[in-house]
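Participant: Before I ask anything, here is the structure I am working with.
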Amino acid sequence: MDSMIPHEVVSRIVDGALPVRAWREHLNLTQEEVAKRMGISQPAFAQQETVAKPRKATREKIAAAFGITANQLEL
């Protein structure tokens, strides 16, 4: 399983972004696009993007929407 984290994502996190937002921006996705993939509203996803340590089940759903592993969202 690939657990590499692109340099751009790491740089965004070092600059203060939380991992979910850093990955979303790296993948050039809008909150609306990710929310649609997850079957939730954009405001619901926006709220999840501000959580420093999302629950495991939430991390897995977000990772699936991003096409990455849940482990890649942990830093």
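Participant: Using the alpha-carbon centroid of each, what span in Å lies between the range 9-35 and the range 55-75?
Facilitator: 12 Å
Participant: If you place +1 on the Cβ of every Lys and Arg and -1 on the Cβ of every Asp and Glu, how big does the dipole about the Cα centre of the chain come out, in debye to the nearest 20?
Facilitator: The calculated dipole for the chain is roughly 300 debye.
Participant: I need the per residue convex hull volume for the chain, using only the alpha carbons, in cubic angstrom as a whole number.
Facilitator: So the per-residue Cα hull volume is 80 Å³.
Participant: Label points 7 Å out from Cα along the Cβ direction at I13 and E74: separation in nm?
Facilitator: 1.1 nm
Participant: While we're here: Need the full-extension length gain, A64 to T50, defined as separation in residues times 0.36 nm minus the C-alpha distance. One decimal, nm.
Facilitator: Stretched fully, the A64-T50 segment lengthens by 3.2 nm.
None of the figures in this text is laboratory data; all of them are computed from the coordinates on show. What you see is a predicted model, and the numbers here were worked out from it, not measured in a lab. FYI the Cβ positions are ideal-geometry reconstructions off the backbone, even for glycines, and counts take in every protein chain you see.
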